[in-house]
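Read through the structure below, which is laid out as structure tokens, and then see the notes.
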Amino acid sequence: MDEMPPLNENTPKQPPPLPSQIQASLNSLFEQKAATLSVWAPMLALILTASLYGLVPSASEWAQKGKFLVLSFGGLLILTGLISAIVALRNNERGVFGRALAGLLINAALIALLVLGLPVVYAIKERVHKQKVMANVQESERQLQADTKKAFEAGTGTRSASDRLQKFQKSMENAAQDLKGDDALVLNASSAYLKQLQILTKQYTDAANPILHPSVLNMSEVKEKEDLDVKRKAVVKFLIANEEFKLFIMKGEAPLKEELEKLHVSERTAESCLRGFRGKQYLRTTVVKIRELDTRIGNTTLSMLDILDTNWGKWNYRSDKKNVLIEDHDALERYNAFCKELMAAGRSQAMLQKQLLKEQAE
């Protein structure tokens with residue numbers, strides 16, 4: 001039999017470990033690392049999320065996406081910690097098991113906070129955001145009322161009405177882009193309603209300005225009988241625009257309801273919106289009365305132009321007194337009677353306009 005080789009100091013005194021022992025040792029080391037990671041992952045998630053979330057500029061176009069990515073990264077770290085804790089719990093060693101259990105509890109608590117708490121936080125943020133947006137809309141409405149009052153006091157209310165209304169309509173349109181769900185849809189529907197109103201207001205002001213500035217009854221520039229026809233056509237155009245305006249107001253909530261239905265606003269929200277619209281019915285009643293006075297003013301003006309047309313060549317316009325002197329006595333009396341009626345309608349309209357401004361401010 002061959003002799004065994006002599007032992008030296010480099011010869012291992014123990015037999016090499018079996019493959020199963022090597023795997024167990026590696027598993028134990030992996031579980032130790034997993035236990036450590038399960039504790040540090042949630043802490044790292046909190047630190048990084050808090051730091052990075054604050055660095056994302058709120059005014060940036062990509063702010064919302066950036067914040068979502070930061071929160072997603074934090075959530076991924078917490079989920080990693082939870083999985084690491086579950087893996088590490090297979091190791092019953094005292095130090096490893098304790099860290100793994102602590103990591104499990106911390107990560108589970110944070111996930112519960114994310115699942116249950118974040119919706120509440122977002123709901124609160126949405127509510128605060130909605131309040132800010134609606135506060136801006138209300139401020140635009142107050143500005144509209146203030147500008148309208150100032151314009152009427154300066155005698156320029158009719159000329160700038162369409163521009164003021166368009167400015168308010170745009171503010172609602174912009175506000176709708178900052179909201180979600182039915183809130184945004186209601187603002188879009190209201191904006192569409194105001195758009196229709198603004199178009200009719202512009203048609204009205206475009207038709208009213210030529211007969212008011214200068215007055216259609218100012219005959220200083222009338223040289224030909226055809227000049228009276230031009231004035232008559234301008235008054236008729238004004239009456240048509242005024243009638244369309246009045247009919248739209250008389251429809252009440254119907255145009256707004258139609259816009260709400262187009263956008264599929266929920267029945268409950270739509271009814272709430274329409275209920276608020278009905279609460280301002282007294283304002284629309286006053287506007288209709290003003291439009292009826294405009295009809296009266298327009299028809300009276302046409303009657304005065306008819307008298308001048310019938311008595312062409314038998315009247316003179318006195319620029320110093322800004323009135324017409326007609327040779328025929330009966331025609332002059334009828335003309336002056338219409339003039340008084342015109343002035344009475346104008347005074348009534350001025351009173352209603354003041355009443356309307358007062359009602360809007362209440």
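Based on this model, can you work out whether TYR335 counts as surrounded by fewer than 17 Cβ atoms within 10 Å (Cβ to Cβ) and closer than 20 Å to ILE211 by Cα? When the stated conditions are applied, TYR335 does not pass them.
Scan the range 271-281 and give yes if some residue there is in contact with an Asp or Glu (Cβ under 8 Å, 6 or more places away or on another chain), assigned by TED's automatic domain parsing to the domain that holds GLU341 and not basic (Lys, Arg), otherwise no. Yes, the conditions are met somewhere in the range 271-281. Against the numbered list (1) of a type in the set (S, T, N, Q); (2) under 27 Å from LYS233 (Cβ atoms); (3) touching an Asp or Glu at 6+ places or on another chain (Cβ under 6 Å), SER266 comes up short only at (2).
Contact map, the range 317-334: residues that are outside the structural domain of THR301 (by TED's automatic domain parsing) paired with residues that are aromatic (Phe, Trp, Tyr), Cβ distance under 9 Å, separation 6+ or inter-chain. No pairs are found.
Would you be able to say whether some residue in the range 339-360 is farther than 23 Å from PHE245 by Cα and not in a helix (DSSP H, G or I)? There is no residue in the range 339-360 that is farther than 23 Å from PHE245 by Cα and not in a helix (DSSP H, G or I).
Counting just the residues of the range 283-304 that are among the polar types (S, T, N, Q) and free of Cβ contacts under 8 Å to residues at least 40 places away in the same chain, which one comes out surrounded by the most Cβ atoms within 10 Å (Cβ to Cβ)? Within the range 283-304, the match that is surrounded by the most Cβ atoms within 10 Å (Cβ to Cβ) is SER303. Scanning for something over 16 Å from LEU185 (Cα atoms) and acidic (Asp, Glu), does the range 302-310 turn up at least one residue? Yes, the conditions are met somewhere in the range 302-310. For the range 142-176, the tally of residues that are within 26 Å of LEU187 (Cα to Cα) and either at pLDDT 70 or above or within 21 Å of the chain's Cα centre (by Cα) (or both) stands at 24.
Kindly evaluate ASP309 against the criterion of being surrounded by fewer than 16 Cβ atoms within 10 Å (Cβ to Cβ), closer than 27 Å to LEU239 by Cα and of a type in the set (Asp, Glu).
So ASP309 passes the test.
Comparison of GLY313, GLY298 shows that the only residue that is of a type in the set (Gly, Ala, Ser) and either modelled with pLDDT under 90 or assigned to a loop (DSSP other than H, G, I, E, B) (or both) is GLY313.
The values are calculated or read from the model by the stated rules, or taken from the named source; none is laboratory data. On a predicted model such as this, the values are computed, not experimentally measured, just so you know. Neighbour counts are summed over all protein chains in view; Cβ atoms, including those assigned to glycine, are modelled from backbone coordinates with ideal geometry.
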